[in-house]
1. Specify the angular offset, from 0 to 90 degrees and rounded to the nearest 10, of the alpha carbon long axis of helix 35-50 from the longest principal axis of the alpha carbons in the chain.
2. Check the range 2-84 and count each lysine pair with an alpha-carbon distance under 24 angstrom, considering only pairs eight or more places apart or from different chains.
3. Taking the highest mean first, how do the peptides 19-25, 30-36, 69-75 order by number of other beta carbon atoms within 10 angstrom per residue?
4. How would you order 12-18, 59-65 from highest to lowest mean count of nearby Cβ atoms within 10 Å?
5. Using the Kirkwood radius over C-alpha pairs as Rh, can you work out the diffusion coefficient of the range 2-84 via Stokes-Einstein at 4 °C, viscosity 1.567 mPa s, in µm² per second?
Amino acid sequence: MLSFELSAIDLILVVAVIILTILYLTKSEVKPPTEEKQTFTIVHEIAHQKLEHKSPIFGNLTEKETQEQETEADQLAKNVCMHRRC
Ligand SMILES: [Zn+2]
């Protein structure tokens with residue numbers, strides 16, 4: 001039960017981050033991100049969910065643990081995008 005509730009919260013957070021990221025990136029006036037960059041960002045956020053990462057806000061993670069999660073999500077997103085031609 002508890003893990004289901006945490007997963008639902010994590011999913012909501014991932015969706016919120018994706019929406020905010022897209023809004024932020026699409027409103028950037030300096031240099032609009034490429035479609036590839038936007039896709040990579042979305043895949044990166046989905047990777048966090050698939051890898052069952054803890055929320056840096058609610059997960060009580062150290063800076064090192066947070067960075068390790070970011071590196072893992074980046075690596076998975078790179079692998080997915082390489083094979084899918086994001
Ligand atoms: Zn991340």
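1. 10 degrees
2. 10
3. 69-75, 19-25, 30-36
4. Per-residue mean Cβ counts within 10 Å order the peptides as 12-18, 59-65.
5. 95 µm²/s
Rule-based calculations on the coordinates, nothing more; no lab input. Since we're looking at a predicted model, the values are computed, not measured. A quick note on method: Cβ atoms are made from the backbone with ideal geometry, for glycine too, and the neighbour counts reach across all protein chains shown.
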